[in-house]
Amino acid sequence: MITKESLEEKKVTELRGMCRNMGIPGMSKKRKDVIIDAILKTVQNSAAEMAPKTKSEPTPIKSVVKDQKSVDETLKGVSGTFNTVYDRPDSRAGNRASTMISVSAGALSDKFPVVGKSVQRVMFLLREGLNLKETQSAVVNGENVPNDYILKEGDRLEFIKTAGGKAN
Amino acid sequence: MTENLNIRIIGIGGVGTHLSEYLSRYFNYVKDLNVEMTLIDGDEFERKNHERQTFTTYSNKGQTKCRELSVEFPNINHTFCRDYVTNDNIAGLIKSGDIVFVAVDNHKSRKIISDYCATLDDIILISGGNEYHDGNVQLYVRKEGIDRLPRITDYHPEIEKPADKLPTELSCEEASVSEPQLLFANIGVAVLMTWTLYYVLNTEKLEYSEVYFDMMSISVLPKKRNLKNR
């Protein structure tokens, strides 16, 4: 569990390393308190992203950007419509579109809504749930991938757990 | 028509003792099959091993287990080797066509065995290991000089570039230090190795090259990984 207290005990170099691993840009010359705030904010956002959706929140079939002004401010003119693909049109309502993919590490496995995220980001998001270490390499659909690989619909992500050392 | 099966079990300790018993009991009652089982270990059974290993006398592990199994399972030709596997002796211990089980305590031995097996035409290599309450079993198959599954070093840099030592390289002090292990984890590896053997002998399409288990989540999960381009 990352807390403000635990972060304050770390050195600035350690905090900057955490930022790199978490994909937080622009922290290489920031003060310690600024870095800590950025990490805590990212952790909070990640927790919100990973929280399971309740039944009262129906899965949107088509999401249209409504607040164009705010988007323009951050994306400088980029706008668009984001669609969810019906890849199982014959399934029952609510199960026709999938955005969950299988993520595993060792014997632990589950499905998570991480399509569109990088492997490195998923490693950070799921580090506690799947007991991941920073050094674990990633395999998607049976092939080694770099940490900046962006996950796609239908991918199967595995973080390779080190082989058991003992037996004798 | 009678077939021949040559099984080599390297490491007759917490995993190897149980594995050798399970395999002996199974193959002792299979008809039309000549089984030779070689038990390879340079270590002696000690009093401190009692809680995880089954031996009747304090002596070389391979030799002792060979004597015990020969009495109980006479249809199998049990033999033993009192050495650790090294680069110098491996060619005399493993031949093309063998089924090799690796139940050792170090990745350097796994690397030596994996590299050698990759030079043979036909081999089935099943390697297992555990930590305190989890572990894994890897399967490597090579037929007619072609890899059918990834090598056990391919997705595991800790085996490809091992940081540990061979038993023959350890000082007496180093050899006397051992981390605690759980009997159930050893048995878990041994059982999964038998499952893996059954899988490789009975499946037409090889897909799984590794299986993990974790006692704290009561879970077992097989893995599919692609062959590396060589």
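The values are calculated or read from the model by the stated rules, or taken from the named source; none is laboratory data. If you're wondering where the values come from, they're calculated on a predicted model, not measured in any experiment. Cβ atoms come from the backbone with ideal geometry, glycine included; neighbour counts cover every protein chain shown.
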Of the numbered conditions (1) more than 16 Å from A:THR162 (Cα to Cα); (2) charged (D, E, K, R); (3) in a helix (DSSP H, G or I), B:GLU158 satisfies every one except a single condition; which is it?
(1)
Hey, does segment B:75-95 have a residue that's away from every other protein chain (no Cβ under 14 Å), closer than 18 Å to B:MET193 by Cα and among the hydrophobic types (A, V, I, L, M, F, W, C)?
no
Residue under question is A:ASP67, and the condition is that it be surrounded by 10 or more Cβ atoms within 10 Å (Cβ to Cβ), acidic (Asp, Glu), modelled with pLDDT under 80 and out of contact with any Leu (no Cβ under 9 Å at 6 or more places or on another chain); does it hold?
no
For B:LEU149, which of the numbered conditions (1) within 10 Å of chain A (Cβ to nearest Cβ); (2) under 23 Å from A:ALA138 (Cβ atoms); (3) of a type in the set (A, V, I, L, M, F, W, C) fails to hold?
(1)
Looking at B:ASP122 and the list (1) under 21 Å from B:GLY188 (Cβ atoms); (2) surrounded by fewer than 22 Cβ atoms within 10 Å (Cβ to Cβ), which single condition is not satisfied?
(1)
B:LEU206 - would you say it is modelled with pLDDT of 95 or more, away from chain A (no Cβ under 11 Å) and not in a helix (DSSP H, G or I)?
yes
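Quick grid of which residues meet (1) in a loop (DSSP other than H, G, I, E, B); (2) buried (at least 21 other Cβ atoms within 10 Å of the Cβ); (3) away from chain B (no Cβ under 14 Å):
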site: A:LYS111; (1), (2), (3): no, no, no
site: A:VAL122; (1), (2), (3): no, yes, yes
site: A:ARG127; (1), (2), (3): yes, no, yes
site: A:GLN136; (1), (2), (3): yes, no, no
site: A:ASP148; (1), (2), (3): yes, no, yes
site: A:LYS152; (1), (2), (3): yes, no, yes
site: A:GLU158; (1), (2), (3): no, yes, no
site: A:ALA163; (1), (2), (3): yes, yes, no
Among (1) within 13 Å of chain B (Cβ to nearest Cβ); (2) in contact with a Phe, Trp or Tyr (Cβ under 8 Å, 6 or more places away or on another chain), where does A:GLY142 come up short?
(2)
So B:VAL137, is it more than 22 Å from B:TYR208 (Cβ to Cβ) and either touching a strand residue (DSSP E or B) at 6+ places or on another chain (Cβ under 8 Å) or small (Gly, Ala, Ser) (or both):
no
Leading residue by the ranking (surrounded by the most Cβ atoms within 10 Å (Cβ to Cβ)) among those in segment B:129-155 that are among the aromatic types (Phe, Trp, Tyr) and part of a loop (DSSP other than H, G, I, E, B):
B:TYR155
Kindly indicate which of B:VAL200, B:VAL211, B:VAL189 is more than 9 Å from chain A (Cβ to nearest Cβ), buried (at least 17 other Cβ atoms within 10 Å of the Cβ) and under 19 Å from the mean Cα position of the chain (by Cα).
B:VAL200
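For every residue, the table says whether it meets (1) among the polar types (S, T, N, Q); (2) free of Cβ contacts under 8 Å to residues at least 60 places away in the same chain.
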position	(1), (2)
B:GLY13	no, no
B:TYR22	no, no
B:VAL35	no, yes
B:SER59	yes, yes
Of the numbered conditions (1) modelled with pLDDT of 95 or more; (2) loosely packed, with under 12 Cβ neighbours inside 10 Å, B:GLU179 satisfies every one except a single condition; which is it?
(1)
Within segment B:87-107, residues being within 16 Å of B:LYS161 (Cα to Cα) and surrounded by 20 or more Cβ atoms within 10 Å (Cβ to Cβ) number 3
